[in-house]
Amino acid sequence: MKFTAQLRNCHRCVAILTDFDYTTHPGIQALKHVRNPLCIFDVDHFKVLWANQAGLAFWHADSIEHLREREIEQHVTEPIVKRLQQLQTDCFEQDISLTELWTIFPGGASRTVEHSFSPFPIGDETRALLIEVVNEIFDASSDTLRSTAALLHTSAMISLYDADHSLIYCNPAARESLHSRCTTLPQRFINDADIYIIEEALELAECYTTELEVNTTTGPRWHEMTLQKSVDPVSGQPSILVSAVDATERRQAQQTAYKLAYTDSLTGLPNRAALTIYLDELLSIADEEQNEFSLFFLDLDRFKIINDSLGHSIGDQLLIEVAHRLKQAVGGNSMASRLGGDEFVLIMNRVTDTAELKNAAEKILKAMAEPVMLGNQKLRILPSIGICRFPFDGETIASLMENADAAMYMAKARQCGYCFFDKQMTITLSATIKDKLGLENDLVYAIRNHEFELYYQPKISCRTGHVSGVEALIRWNHPTRGLVPPDSFITIAEETGQILELGNWVLDQSMRQQKLWQEAGLLVPVSINISAHQFNTDDLMMNVSECLVRNSCDPAMIELEITESMLLGDADRIHQTLQQLSAMGIQLTLDDFGTGYSNLAYLQKYPLDILKIDRAFLVDQKRSMLMETILNMGKVLGLKVVAEGVEVRSQVDWLINHGCDQMQGFYFSEPLPVHQVTHYLEKHCGGAAPAIKAA
Ligand code: C2E
Ligand code: MG
Ligand code: MG
């Protein structure tokens, strides 16, 4: 057994036995004449050091030496060793004597004896127990013996307190756990109020079971306790019998399980389940307390793009930052939670005042406005918030969530940061959702049924006024809806993955058309829009080159348009893709410049040829300075600059005067179907476009 091995290996054992001179020890001299059997027992080494004459007779030994030589550890069990060790600790630490009823077997016969254990120091460092056989019980029933042994050895902590709450008995397990200072029941509890709760409970019932945080020798622990009104069998006075078991580990396991079930593992915020419980609670007290509250539904714009292009690890870090800022932005009376993905819900308890809610929403937007640096990327968090109020905008969890969601969609559509719910929204929104679902279903058949068509919009050279190229823009000839613009279905196709098939179809069709025009003597480069999903697939290079070969198309006559958000991902991979396309002779355009991150560093970093400035720059007069800077930057970096969305003559003049290279917009022509644009090209490919001619 492990403990006996430990004892045997103890080198000090021999030293102590020889060091201890019982013949001269003053304590021994005083004990010699006690009539009860007694011995000095070295618990640390499991050796009897000395016994009086009555002791030698009781333990069946001829002499002290005979007793000292006994290998006692070979005849006892581990619980006995532990009991004696604990008795020694208790006696020394509390400087007390303890009495216990033991059944022992000296000389092989069973004897039930009341033992008294007292501290017996030997020198400064060595301790021993003075064990005295106080009383032998000859008439103990077997039940008494067994219940006494059970009480001694059980791990349940049993204690008895008198009517004044003073400790009058504790079994070894309780003594091991209880501080020596804990001599009354209230001292056991960490929370002072617990004793009053117990007293109240015991006034109403005989027994009270509870789980409390208690002071123990190993620090604060949780004990499951049963407190029972009883009578002290010795004094006959009323008492409280306490039985306790340690529940700390179970509680910790429960708490961990609870935490896992109700916490969002990524952000540490309460999750959907926790939010539901909290809302349930708020609704259940709403009537009684006339409670009102507000629900903010927060969703991040363009999060999917960040996640898809920068990877999930960056996406995760961004969500952690959002959670952190959200918690900081809102006060203690609100609860921030994450539903999943990029959706967060904030409950503002007892707040429904419009001004206060506006203030909170603006605080959140302000907290999110500061760009986040992740790796070497500077990212902007753009949240949209929908706000709805209980009970005015919804009376159930489902209706509140739905309505806040509708308000959030509206905030997204209006790009206004936050939006309060109003009843009209549900009507508009359900129509939009139905519409989206309908389109999603119809898209499945659209390619197969040849419902797509490419329109082409001419681009005009600022220098010559000639048509210098066309941009292919997809249209959907829907059997019942008529012509559907790309903005209504490109994102759906991205979400469903159909964009890959659609994108390949666009590549093939536009290259075929370019070749047909070339054969007809119309030398016109064609720009093709590439979607984010398409750009991120490994097949892009293969698809482009296959299309070029299949249509015998000159790569120099093809431009691919990508947007800034596609340049956010793995820089090496993006560089490689762009480099390979460029090496094929294809021109690369950065489309919609100015709507996204407007990062001028990209223009230097990647092999781009053309910069297409978003039409917002032409519409907004205040941005003309910026437009000038971009035009100059383009020149410095050797990029051609195209202005899109040119609608009026003054814009044409401004662009020509400021050295823009190409223009595209309704002023010259809307996107046209093939036969019409062919006609336009036949008229204007070699000569100036009509609008410039007229100037
Ligand atoms: P984009 O590539 O920036 O295309 C320019 C958009 O501006 C076109 O919208 C065009 O009709 C519109 N536009 C041109 N001139 C003017 C103007 O003077 N004023 C105004 N207000 N608008 C003008 P469209 O055709 O609705 O296309 C919208 C977007 O859909 C495109 O923006 C492009 O991002 C995407 N898209 C179109 N075709 C395809 C395609 O084949 N594949 C992919 N992946 N995306 C496409
Ligand atoms: Mg484009
Ligand atoms: Mg554009």
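Some values worked out for this structure:
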| item | result |
| --- | --- |
| Ranked list, fewest to most other Cβ atoms within 10 Å of each Cβ, for 133, 245, 113 | 245, 113, 133 |
| In degrees, nearest ten, helix 142-153 long axis to first principal axis of the chain (Cα) | 50 |
| Test item: Cα-centred dipole of region 374-499, Lys/Arg +1 and Asp/Glu -1 on Cβ, debye | 540 |
| Cα-based Rg and Dmax for region 245-305, where Dmax is the largest Cα-Cα distance (Å) | 16.7, 55 |
| Fully extended contour minus Cα-Cα distance, from residue 620 to residue 125, at 0.36 nm per residue | 169.2 nm |
| Dipole magnitude of the chain, debye to nearest 20 (Cβ charges: Lys/Arg +1, Asp/Glu -1, about Cα centre) | 2220 |
| Sequence of 402, 69, 224 once ranked by neighbouring C-beta atoms within 10 Å, starting from the fewest | 69, 224, 402 |
| C-alpha long axis of helix 194-204 to longest principal axis of the chain, angle in ° | 70 |
| Charge dipole (debye, nearest 20) of region 478-624; +1 at Cβ of Lys and Arg, -1 at Cβ of Asp and Glu | 380 |
| Dipole of the chain, positive direction: furthest Cα of 349, 400, 630, with charges on the beta-carbon | 630 |
| Listed residue (170, 303, 92) projecting farthest to the positive dipole end of the chain, Cβ model | 303 |
| For region 190-291, Kirkwood radius (reciprocal of mean inverse C-alpha pair distance, Å) | 17.2 |
| Region 561-655 - Rg and Dmax from Cα coordinates, angstrom | 13.7, 43 |
| For q = 0.17, 0.19, 0.24, 0.26 Å⁻¹, Debye-computed log10 I/I(0) when each Cα of region 551-601 counts as one equal scatterer | -0.57, -0.69, -0.97, -1.05 |
| From the C-alpha gyration tensor of region 183-224, square roots of 5λ in Å | 20, 11, 8 |
| Region 138-208: chymotrypsin sites (Phe, Trp or Tyr not before Pro) in DSSP coil with no more than 16 other Cβ atoms inside 10 Å | 138 |
| R0 of 22 Å, Cβ-Cβ distance residue 492-residue 427: FRET efficiency to nearest 0.05 | 0.55 |
| Shape of the chain, Cα gyration tensor, a/c cut at 1.5 | prolate |
| For residue 49, residues with placed amide H under 5 Å, excluding near neighbours | 40, 41, 42 |
| Dimensionless Rg/Rh of region 373-441 - Kirkwood Rh, Rg from C-alpha atoms | 1.12 |
| Among 582, 24, 57 - extreme Cα towards positive end, dipole of the chain, charges at beta-carbon | 582 |
| HN-Hα J in Hz across region 639-649 - Karplus 6.51, -1.76, 1.60, θ = phi - 60°, x for Gly and Pro | 9, 6, 10, 10, 9, 9, x, 6, 10, 10, 4 |
| Phi-based couplings in Hz for region 303-319 (Karplus 6.51, -1.76, 1.60; Gly and Pro marked x) | 5, 4, 5, 4, 5, 5, 8, 9, x, 5, 5, 5, x, 4, 4, 5, 5 |
| Residue order, fewest to most surrounding Cβ atoms within 10 angstrom, among 408, 557 | 557, 408 |
| Between helix 540-550 and the chain: long-axis angle, C-alpha atoms, 0 to 90°, nearest 10 | 30 |
| Three-way shape call for region 88-181 based on the alpha-carbon gyration tensor, with the a/c threshold at 1.5 | oblate |
| Prolate/oblate/rounded call for region 451-605, Cα gyration tensor, a/c under 1.5 rounded | rounded |
| Radius, Kirkwood style, for region 262-399 when every pair of distinct Cα atoms is counted (Å) | 15.6 |
| Distance histogram in 10 Å bins (all Cα pairs of region 374-523, percent per bin) | 9, 25, 23, 24, 13, 4, 1 |
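We did not get these values from a lab; they are worked out from the coordinates using the rules stated. Just so it is clear, the structure is predicted and the values come from calculations on it, not from any experiment. Here the Cβ is made from the backbone with ideal geometry for all residues, glycine too, and neighbour counts use every protein chain on show.
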